[in-house]
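Colleague: Take a look at the following structure, please.
The values are calculated or read from the model by the stated rules, or taken from the named source; none is laboratory data. Note that the structure is predicted; figures quoted are calculated from it, not measured. In this analysis, Cβ positions are derived from the backbone assuming ideal geometry, glycine residues included, and neighbour counts consider all displayed protein chains. All accessible areas refer to the heavy atoms of the entire protein, side chains included, with ligands and DNA or RNA removed. Shrake-Rupley method; radii C 1.70, N 1.55, O 1.52, S 1.80 Å.
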Amino acid sequence: MNRKRKNTGMSLAEIKKMETVCQLAAQTLQYAVKLVAPGVTTGYINDAVHEYTLSLGAQSAPLNYHGFPKSVCTSVNDVACHGLPRDDEVLMPGDALNIDVTLKKAGFFGDTSTTVFVGDVADNVKKVTDAAKKGMMAGIEQVRVGNRTEDIGYATNKVVSGLGYHTVKSIGGHGIGDEFHKDPFVPAHGRPGRGELLRENTCITVEPMVNETSEDFIEFKVPNSSICYYKTIDGTPSAQFEHTILVKKNGYEILTAW
Ligand code: MF3
Ligand code: CO
Ligand code: CO
């Protein structure tokens with residue numbers, strides 16, 4: 001997602017608010033992960049995440065965001081991202097599920113996701129998921145003042161393609177702070193030294209989507225919303241991880257560490 005509002009450096013007080021909401025987002029994601037089991041519906045996970053978020057004195061940012069009707073995104077197997085939780089979607093052994101939680105508190109947003117397995121999953125599912133996590137970490141390691149968004153994407157794509165997998169090119173990470181999605185776009189591919197400069201005391205997300213056979217996907221509209229969800233073109237699995245990261249002079253801080 002990419003909204004073109006400038007991402008300027010935050011004050012110490014604003015950074016504190018980001019730290020708080022990001023820790024609550026991480027806590028909510030861990031809570032959601034514990035609910036995952038065969039027979040559970042993604043609709044149930046949605047409702048539980050919604051209630052848990054409120055109990056933390058926070059709000060679910062996805063709910064009503066550009067018309068999105070649910071409080072969390074749940075993307076099963078070949079759904080790359082923005083999957084819509086459903087009461088008739090029952091998790092089965094062998095499924096891989098990305099849960100993407102975004103909380104808002106005191107005007108600031110924390111965004112984080114993970115991919116979890118339901119029971120035993122096939123080897124190819126484990127491998128593509130592992131590639132997504134390694135790609136995200138390689139990207140995060142590029143975060144520091146003076147580096148650029150494509151340094152992150154380049155590092156991610158190098159790891160992912162080295163493992164034989166494919167990063168999704170047209171969607172990716174984003175600036176975040178007092179808005180859910182702001183400048184800059186943070187790609188999962190690129191050329192070193194290109195893209196937008198990372199600025200001190202701003203936050204971005206690093207959230208590569210990794211597909212098994214090809215980066216191509218099909219876009220579907222979420223009903224009554226301007227949000228789309230995406231499926232791989234051939235039904236093969238896609239995996240994703242996401243952290244919200246604070247850009248610092250000599251490095252980074254993973255604000256949503258779980
Ligand atoms: N959490 C997603 C992201 O990482 C955005 C979800 S927007 C929604 O950017 F509307 F689909 F919830
Ligand atoms: Co995000
Ligand atoms: Co997210």
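Colleague: Relative to the Cα centre, what is the charge dipole magnitude of the stretch 126-258, using +1 at the beta carbon of each Lys and Arg, -1 at the beta carbon of each Asp and Glu, and rounding to the nearest 20 debye?
Modeller: For this selection, approximately 300 debye.
Colleague: Can you give me the accessible area per residue for the chain, using a 1.4 Å probe, in Å²?
Modeller: 42
Colleague: With the Cα gyration tensor of the stretch 25-174 giving a ≥ b ≥ c as the square roots of its eigenvalues, does the rule (a/c under 1.5 for rounded; else a/b larger than b/c for prolate; else oblate) give rounded, prolate or oblate?
Modeller: Oblate is the answer for the stretch 25-174, as a/c is 1.5 or above yet b/c matches or exceeds a/b.
Colleague: If Lys and Arg each add +1 and Asp and Glu each add -1, what is the summed charge of the other residues whose beta carbon sits under 13 Å from the beta carbon of residue 44?
Modeller: -2
Colleague: Considering Cα pairs under 8 angstrom that are at least six residues apart, work out the relative contact order of the chain and quote it in whole percent.
Modeller: Averaging sequence separation for qualifying contacts and normalising by length gives 25 percent for the chain.
Colleague: So, in nm, how far is label residue 30 from label residue 88 when the simple model puts each one 7 Å beyond its Cα toward the Cβ?
Modeller: The two pseudo-label positions are separated by 3.7 nm.
Colleague: Using a 7 Å offset from Cα along Cα-Cβ at residue 144, what residues in the stretch 221-258 end up with backbone N under 14 Å from the label point?
Modeller: Residues 247-253 fall inside that zone.
Colleague: How far apart, in nanometres, would the label points at residue 161 and residue 200 be if each is projected 7 angstrom from Cα along the Cα-to-Cβ direction?
Modeller: Distance between label points: 3.4 nm.
Colleague: In percent, how large is the relative contact order of the stretch 1-109, given Cα pairs closer than 8 Å and 6 or more residues apart?
Modeller: Contact order relative to length: 32 percent.
Colleague: Taking 8 Å as the Cα distance limit and 6 or more residues as the minimum spacing, I'd like the relative contact order of the stretch 199-245 as a percentage.
Modeller: 50
Colleague: Between 40, 116, 101, where does the largest GNM mean-square fluctuation fall for the chain, given springs only between Cα atoms within less than 10 Å?
Modeller: 40
Colleague: Within 10 Å, count the other beta carbons around each residue, average over each peptide in 128-134, 12-18, and list them highest first.
Modeller: Order by mean packing, descending: 128-134, 12-18.
Colleague: Once amide H atoms are built 1.01 Å from N in the peptide plane, which residues 5 or more positions from residue 207, or in another chain, come under 5 Å H to H?
Modeller: Here 173 satisfy the definition.
Colleague: Place a +1 charge on the Cβ of each Lys and Arg in the chain and a -1 charge on the Cβ of each Asp and Glu, then give the dipole magnitude about the Cα centre in debye, rounded to the nearest 20.
Modeller: Computed charge dipole of the chain: roughly 960 debye.
Colleague: Please list the non-local residues whose amide H lies under 5 Å from the amide H of residue 40, H modeled 1.01 Å from N, same-chain partners needing a gap of 5 or more.
Modeller: HN-HN under 5 Å from residue 40: 91.
Colleague: Hey, with R₀ at 41 Å, roughly what FRET efficiency would residue 216 and residue 13 work out to, going by the Cβ-Cβ distance, to 0.05?
Modeller: 0.40
Colleague: Dipole magnitude of the stretch 15-111 about its Cα centre, charges +1 at Lys/Arg Cβ and -1 at Asp/Glu Cβ only, in debye to the nearest 20?
Modeller: 480
Colleague: Would you work out what percent of the accessible area of the stretch 6-76, with all protein chains in place, is carbon or sulfur (probe 1.4 Å)?
Modeller: For the stretch 6-76, the apolar C and S fraction of the accessible surface comes to 56 percent.
Colleague: Would you kindly work out the equivalent ellipsoid of the chain from its C-alpha gyration tensor and give its semi-axes, the square roots of five times the eigenvalues, largest first in whole Å?
Modeller: 26, 23, 15
Colleague: Quickly estimate the mean residue ellipticity at 222 nm for the chain, helices only: each DSSP H run with n ≥ 4 gives -39500 (n - 2.57), and the total goes over all residues, rounded to 500.
Modeller: Only helices count here, giving -9000 deg cm²/dmol.
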